[in-house]
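Colleague: Below is a structure I'd like to ask you about.
The values are calculated or read from the model by the stated rules, or taken from the named source; none is laboratory data. What you see is a predicted model, and the numbers here were worked out from it, not measured in a lab. Methodologically, a virtual Cβ is constructed for each residue, glycine included, from the backbone with ideal geometry; neighbour enumeration extends over all protein chains shown. Ligands, DNA and RNA are excluded from the accessible area calculation, which covers all protein heavy atoms including side chains. Shrake-Rupley method; radii C 1.70, N 1.55, O 1.52, S 1.80 Å.
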Amino acid sequence: MQDKLLGWYDEAARHLPWRETRDAYAIWVSEIMLQQTRVETVIPYYERFLARFPTAEALADADEDTVLSYWSGLGYYRRARLLHAGVREVVARFGGEVPEDPDARRALPGVGAYTAGAIGSIAFDRPEPIVDGNVTRVLARLLRIHTPVGATATTKRLWKEAARLVPSERPGDFNQALMELGAIVCTPRQPRCEECPLVLECGAHEHGEVAVLPVSKPKKAPVVAKLSAVVATSGRGAGRKVWLVRGDTALFGGLWGVPMSEEEPRDALRQAGVRARLQSELVGTVEHVLTHRRLQVAVYRALGARGTESDTGRLFSNQELEGVGISTLTRKLLGTALLR
Ligand code: SF4
């Protein structure tokens, strides 16, 4: 089975920039970016990030705002902050070399079993397993796993099976081949079994269960949160500045954002520590979907923004806004308030 899959991978794999390297740091960056983000989206971000931070030292030396500005738009900013913290630890404790020892790797901030296994197998040629969404789907079908994805017993079983299957020869390619098979052949809907190198080994195919595996956990409906956001500005025209705050880690993981509140718009200003003349007219409503929450944000404007500037709240010129990490939601809110 391993040989068939590797043979297929050699022929069919897509050429992706992180597959051209064995550099553990670069692989780490790519794996973190690829979590919950599509390959096509990641490619330009990965290339820009590595051009700006080509080594662990370069990333460790950079300040958080610069790092986040290179992540801006990719979402899930906590990933970037943890990557930064993890790389700083590698530089401080391991002289900039990602540790080959799996326990030391897994102890780094932001490095879970998946990332540790990806680095171990791809960069260090160690037979360490990985399980992600694609591997889960392939193994659930191949081995006819009928328990729901996400249940503890299923997760344990998947890791055990992945560890059993990963060969000592070309473990990194094998892991990538499993993921690639899930991405381009064993897809969630209408898998192309007729092109699959493992069709003869596949339990789901043999038993006509391809359409029902993997079994998903019942989904919870996303919670709707209603918020008020206030785009508070100072000055006019090209000299106009906007007050942004930082600190709501649950929403934006340390990025600068527009003052928001679950209460009235004036509460958003109060909580942000900014004084400004709130305009009563609603400028618009922005919808934004996070993993478990659907945000409905009522957008207001305020003029004459002033307050004590600090690391958690200050005025930004248009030019400064280009250089800091801001989330997609913040961009939408600024666009709604400033372009109308
Ligand atoms: S035969 Fe079909 S269901 Fe089975 S692993 Fe291949 S693509 Fe997936």
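Colleague: Is it true that some residue in the range 10-20 is open to solvent by less than 30 Å² (accessible area, probe 1.4 Å) and in a loop (DSSP other than H, G, I, E, B)?
Modeller: Yes: the range 10-20 contains one or more residues that are open to solvent by less than 30 Å² (accessible area, probe 1.4 Å) and in a loop (DSSP other than H, G, I, E, B).
Colleague: In the range 285-305, is there at least one residue being touching a Phe, Trp or Tyr at 6+ places or on another chain (Cβ under 8 Å) and open to solvent by less than 30 Å² (accessible area, probe 1.4 Å)?
Modeller: Yes, the conditions are met somewhere in the range 285-305.
Colleague: Right, next: Only one of 104, 116 is within 16 Å of residue 28 (Cα to Cα), of a type in the set (Gly, Ala, Ser) and open to solvent by 10 Å² or more (accessible area, probe 1.4 Å); which?
Modeller: Going through 104, 116 in turn, just one is within 16 Å of residue 28 (Cα to Cα), of a type in the set (Gly, Ala, Ser) and open to solvent by 10 Å² or more (accessible area, probe 1.4 Å): 104.
Colleague: Check whether at least one residue in the range 241-257 is in contact with a Ser or Thr (Cβ under 7 Å, 6 or more places away or on another chain), more than 28 Å from residue 294 (Cβ to Cβ) and surrounded by fewer than 20 Cβ atoms within 10 Å (Cβ to Cβ), and report yes or no.
Modeller: Yes, some residue in the range 241-257 is in contact with a Ser or Thr (Cβ under 7 Å, 6 or more places away or on another chain), more than 28 Å from residue 294 (Cβ to Cβ) and surrounded by fewer than 20 Cβ atoms within 10 Å (Cβ to Cβ).
Colleague: Would you confirm whether or not the range 208-225 contains a residue that is assigned to a strand (DSSP E or B) and exposed (fewer than 14 other Cβ atoms within 10 Å of the Cβ)?
Modeller: yes
Colleague: Count, please, the residues in the range 119-137 that happen to be closer than 17 Å to residue 37 by Cα, buried (at least 22 other Cβ atoms within 10 Å of the Cβ) and among the polar types (S, T, N, Q).
Modeller: 0
Conditions (1) touching a strand residue (DSSP E or B) at 6+ places or on another chain (Cβ under 9 Å); (2) over 29 Å from residue 83 (Cβ atoms); (3) β-branched (Val, Ile, Thr), marked per residue:
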| residue | (1), (2), (3) |
| --- | --- |
| 271 | yes, yes, no |
| 275 | yes, yes, no |
| 289 | yes, no, yes |
| 318 | yes, no, no |
| 327 | yes, no, no |
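Colleague: Then there is this: Quick one: which of 295, 198 is closer than 17 Å to residue 136 by Cα and touching a Leu at 6+ places or on another chain (Cβ under 7 Å)?
Modeller: 198
Colleague: Looking at this structure, is residue 177 crowded, with 19+ Cβ neighbours inside 10 Å, farther than 19 Å from residue 34 by Cβ, within 14 Å of the ligand (Cβ to nearest atom) and within 27 Å of the chain's Cα centre (by Cα)?
Modeller: Judged against the criteria, residue 177 is not a match.
Colleague: Give the range 313-338 a look and list any residue that's open to solvent by less than 40 Å² (accessible area, probe 1.4 Å), among the hydroxyl-bearing types (Ser, Thr, Tyr) and either touching a Ser or Thr at 6+ places or on another chain (Cβ under 6 Å) or assigned to a helix (DSSP H, G or I) (or both), or say none.
Modeller: Result: 330, 336.
Colleague: Just to be sure, is residue 172 in the same structural domain as residue 287 (by TED's automatic domain parsing) and either of a type in the set (Gly, Ala, Ser) or within 16 Å of the ligand (Cβ to nearest atom) (or both)?
Modeller: No; evaluated as a whole, the condition is false for this residue.
Colleague: So which residues in the range 268-312 are assigned to a strand (DSSP E or B) and within 28 Å of the chain's Cα centre (by Cα), if there are any at all?
Modeller: Correct list: 285, 286, 287, 288, 289, 293, 294, 295, 296, 297, 298, 299.
Colleague: Something else: Within the range 183-202, work out how many residues are near the ligand (Cβ under 8 Å from one of its atoms), part of a helix (DSSP H, G or I) and surrounded by 15 or more Cβ atoms within 10 Å (Cβ to Cβ).
Modeller: Summing the residues that are near the ligand (Cβ under 8 Å from one of its atoms), part of a helix (DSSP H, G or I) and surrounded by 15 or more Cβ atoms within 10 Å (Cβ to Cβ) in the range 183-202 gives 1.
Colleague: Which condition number in (1) closer than 20 Å to residue 238 by Cβ; (2) modelled with pLDDT of 95 or more is the one that residue 331 fails?
Modeller: Of everything listed in (1) closer than 20 Å to residue 238 by Cβ; (2) modelled with pLDDT of 95 or more, residue 331 misses just condition (2).
Colleague: Please report, ordered by residue number, the helices (runs of 4 or more DSSP H) entirely within the range 61-166 with at least 1 residues that are among the aromatic types (Phe, Trp, Tyr).
Modeller: Here the list reads 64-71, 77-94, 113-124, 152-165.
Colleague: Of all residues being more than 16 Å from the ligand (Cβ to nearest atom), within 23 Å of the chain's Cα centre (by Cα) and of a type in the set (Asp, Glu) in the range 89-142, which is farthest from residue 178 (Cα to Cα)? Just the residue, please.
Modeller: That would be 89.
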